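Colleague: Before anything else, here's the structure in question.
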Amino acid sequence: MTQLYDEIGVGYGNARRPDPRIAAAVARALDQADTVVNVGAGAGSYESSARSVVAVEPSMTMIRQRPVGSAPCVRASASALPFRDAAFAAALAILTVHHWPDRARGLAELARVAQSRIVLVTWDPATSGFWLVDDYFPEIAEIDRPNFPTMEELRRAFGRVEIHPLPIPHDCVDGFLGAYWRRPHAYLDAAVRGAISTFSKIHTLEPALVRLRRELEDGTWERRYGDLLTRSEMDLGYRLVTSKRGSTGAARAR
């Protein structure tokens with residue numbers, strides 16, 4: 001993860017801004033947690049000034065993009081968090097677990113340092129149905145499915161979890177992969193693709209981009225997907241996962 005974001009992360013903070021609706025969902029999931037460790041924090045999205053937050057990020061490219069006055073940031077890996085057991089009321093990880101080289105160890109570390117709850121925003125690899133992936137870039141599914149944790153894997157790591165769909169608004173301002181589902185022209189923009197890590201792992205983008213551009217121009221995309229233009233949000237498989245520590249069966253790292 002460190003090397004990837006040191007290579008592609010320049011300008012990431014401009015495209016990956018916190019979306020207020022996702023931020024509100026995360027805040028509700030954190031509930032009354034007053035101390036939070038944000039693991040895989042990137043440029044600092046979704047860090048509430050109303051809580052005491054410590055960020056953890058391995059990439060200096062990302063750390064340098066954190067705004068002045070943001071939460072203090074420790075350069076460290078999710079697999080070896082430099083904190084004592086139960087050091088924070090909550091552990092937070094937003095669209096980052098799929099980058100961790102040792103996912104099982106990273107999840108165990110979240111459980112170790114969180115006293116009351118763990119909150120994740122992730123993608124369920126059992127889902128499908130996103131036009132961009134299905135019709136233009138099937139390689140994305142091949143790359144992402146093995147890297148994202150299954151919901152059963154999260155249950156094994158944390159014990160009892162609450163899993164809620166996180167519908168993506170049509171005008172989402174956080175530029176992750178699914179953010180532009182109703183704005184297909186955005187995927188033709190190299191700056192947009194540059195803030196989406198999976199695109200950097202696809203060897204040949206041009207044929208699919210040429211076809212997408214052509215089908216947007218000749219009306220094929222709209223004939224096929226025009227019904228999406230009337231929708232305000234869409235479930236693309238993103239999930240808000242919460243584990244309340246101390247719940248029956250909750251696994252605690254040793």
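Colleague: Does the stretch 209-228 include one or more residues that are of a type outside the set (S, T, N, Q) and on the phi > 0 side of the Ramachandran plot? Don't jump to the end; show me each part of the working.
Modeller: Applying the first criterion (of a type outside the set (S, T, N, Q)) to the stretch 209-228 yields 209-219, 221-228.
Next cut, on the phi > 0 side of the Ramachandran plot only: 219.
Yes, the conditions are met somewhere in the stretch 209-228.
Colleague: Please go through the stretch 40-61 and pick out each residue that is within 18 Å of the chain's Cα centre (by Cα) and among the charged types (D, E, K, R).
Modeller: 47, 57
Colleague: Separate question: Of the residues 239, 211, only one is at pLDDT 95 or above, surrounded by 14 or more Cβ atoms within 10 Å (Cβ to Cβ) and in contact with an Asp or Glu (Cβ under 8 Å, 6 or more places away or on another chain); which? Working first, answer last.
Modeller: Numbers: 211 fails: in contact with an Asp or Glu (Cβ under 8 Å, 6 or more places away or on another chain).
Criteria check complete, one pass: 239.
Colleague: Which of the residues that make up the stretch 56-77 are assigned to a strand (DSSP E or B) and crowded, with 18+ Cβ neighbours inside 10 Å?
Modeller: Our first condition is that a residue be assigned to a strand (DSSP E or B); within the stretch 56-77, this holds for 56, 73-74.
56, 73 - these are the residues of the stretch 56-77 that are assigned to a strand (DSSP E or B) and crowded, with 18+ Cβ neighbours inside 10 Å.
Colleague: Here's another thing I want to ask about it. State whether the residues of the stretch 97-106 include one that is touching a Leu at 6+ places or on another chain (Cβ under 7 Å) and at pLDDT 95 or above.
Modeller: Within the stretch 97-106, one or more residues are touching a Leu at 6+ places or on another chain (Cβ under 7 Å) and at pLDDT 95 or above.
Colleague: Given 85, 124, which one is within 29 Å of residue 236 (Cα to Cα) and surrounded by fewer than 24 Cβ atoms within 10 Å (Cβ to Cβ)?
Modeller: Values: 85 fails: within 29 Å of residue 236 (Cα to Cα).
Exactly one residue qualifies, and that residue is 124.
Colleague: In the set 222, 152, 233, 206, which member is among the acidic types (Asp, Glu) and within 30 Å of residue 111 (Cα to Cα)?
Modeller: Values: 222 fails: within 30 Å of residue 111 (Cα to Cα); 233 fails: within 30 Å of residue 111 (Cα to Cα); 206 fails: within 30 Å of residue 111 (Cα to Cα).
Residue meeting the stated conditions: 152.
Colleague: Hey, another quick one. Quick check on the stretch 194-208. Is at least one of its residues over 30 Å from residue 118 (Cα atoms) and open to solvent by less than 20 Å² (accessible area, probe 1.4 Å)? Walk me through it before giving the result.
Modeller: First pass over the stretch 194-208, keeping only residues over 30 Å from residue 118 (Cα atoms): 202-208.
Imposing the further condition that a residue be open to solvent by less than 20 Å² (accessible area, probe 1.4 Å) reduces the set to 202, 208.
Yes: the stretch 194-208 contains one or more residues that are over 30 Å from residue 118 (Cα atoms) and open to solvent by less than 20 Å² (accessible area, probe 1.4 Å).
Colleague: Considering the stretch 33-55 alone, what residues qualify as being touching a strand residue (DSSP E or B) at 6+ places or on another chain (Cβ under 8 Å), of a type outside the set (D, E, K, R) and more than 10 Å from residue 92 (Cβ to Cβ)?
Modeller: 35, 42, 43, 44, 45, 52, 54
Colleague: What pairs come up if the first residue lies in the stretch 3-28 and is closer than 26 Å to residue 242 by Cβ and at pLDDT 60 or above, the second is among the hydrophobic types (A, V, I, L, M, F, W, C) and part of a helix (DSSP H, G or I), and their beta carbons are under 8 Å apart, counting only those six or more places apart or on different chains?
Modeller: 19/179
Colleague: Give me the residue from the stretch 148-162 that is open to solvent by 50 Å² or more (accessible area, probe 1.4 Å) and touching a residue at least 24 places away in the same chain (Cβ under 8 Å) and, out of that set, nearest to residue 28 (Cα to Cα). Please lay out each step first, then the result.
Modeller: In the first step, residues of the stretch 148-162 are kept if they are open to solvent by 50 Å² or more (accessible area, probe 1.4 Å); the result is 150, 152, 155-156, 160, 162.
Next cut, touching a residue at least 24 places away in the same chain (Cβ under 8 Å) only: 150, 156, 160, 162.
Values: 150: 23, 156: 24, 160: 18, 162: 13 Å.
That would be 162.
Colleague: Let me ask something else about it. Counting residues that are farther than 19 Å from residue 129 by Cα and free of Cβ contacts under 8 Å to residues at least 12 places away in the same chain, which helices (runs of 4 or more DSSP H) fully inside the stretch 166-254 reach at least 1?
Modeller: On the way: elements: 190-194, 206-217, 220-225.
Counting at least 1 such residues, we get 190-194, 206-217.
Colleague: Here's a follow-up. Search the stretch 82-108 for residues being outside any loop (DSSP other than H, G, I, E, B) and closer than 18 Å to residue 33 by Cα, and hand back the single one that is nearest to the chain's Cα centre (by Cα).
Modeller: Within the stretch 82-108, the subset outside any loop (DSSP other than H, G, I, E, B) is 88-94, 97-99, 103-108.
Okay, now just the ones that are also closer than 18 Å to residue 33 by Cα, so 88-94.
Working: 88: 21, 89: 21, 90: 17, 91: 14, 92: 11, 93: 8, 94: 4 Å.
Ranking the candidates gives 94 first.
Colleague: Also, I was wondering about something else. Quick check, is residue 80 open to solvent by less than 50 Å² (accessible area, probe 1.4 Å) and either at pLDDT 95 or above or in contact with a helix residue (DSSP H, G or I) (Cβ under 6 Å, 6 or more places away or on another chain) (or both)? Working first, answer last.
Modeller: Values: open to solvent by less than 50 Å² (accessible area, probe 1.4 Å): no; either at pLDDT 95 or above or in contact with a helix residue (DSSP H, G or I) (Cβ under 6 Å, 6 or more places away or on another chain) (or both): yes.
No, not satisfied.
Colleague: Continuing with the same structure: Out of all the residues in the stretch 185-208, is one or more at pLDDT 95 or above and at positive phi?
Modeller: Looking through the stretch 185-208, none of the residues is at pLDDT 95 or above and at positive phi.
Colleague: With the requirement that a residue be in a strand (DSSP E or B) and open to solvent by less than 10 Å² (accessible area, probe 1.4 Å), what does the stretch 20-55 give you?
Modeller: As a first pass, look at the stretch 20-55 and keep what is in a strand (DSSP E or B): 35-39, 52-55.
Scanning the stretch 20-55 gives 36, 37, 38, 39, 55.
Colleague: In the stretch 112-127, how many are in contact with a helix residue (DSSP H, G or I) (Cβ under 9 Å, 6 or more places away or on another chain) and of a type in the set (D, E, K, R)?
Modeller: Going through the stretch 112-127 one residue at a time, the tally reaches 2.
Colleague: Looking at the stretch 43-55, I want the residues that are at positive phi and have a partner that is at pLDDT below 95 and not aliphatic (A, V, I, L, M) with Cβ atoms under 6 Å, at least 6 apart or on another chain. Which pairs are those?
Modeller: So the pair list comes out as 44/66; 44/70; 46/18.
The values are calculated or read from the model by the stated rules, or taken from the named source; none is laboratory data. Source: prediction; values computed, not measured. Glycine also receives a Cβ, built like all others from the backbone with ideal geometry; neighbour counts cover every protein chain displayed. The area values use the complete protein model at the heavy-atom level, side chains included, leaving out ligands, DNA and RNA. Shrake-Rupley method; radii C 1.70, N 1.55, O 1.52, S 1.80 Å.
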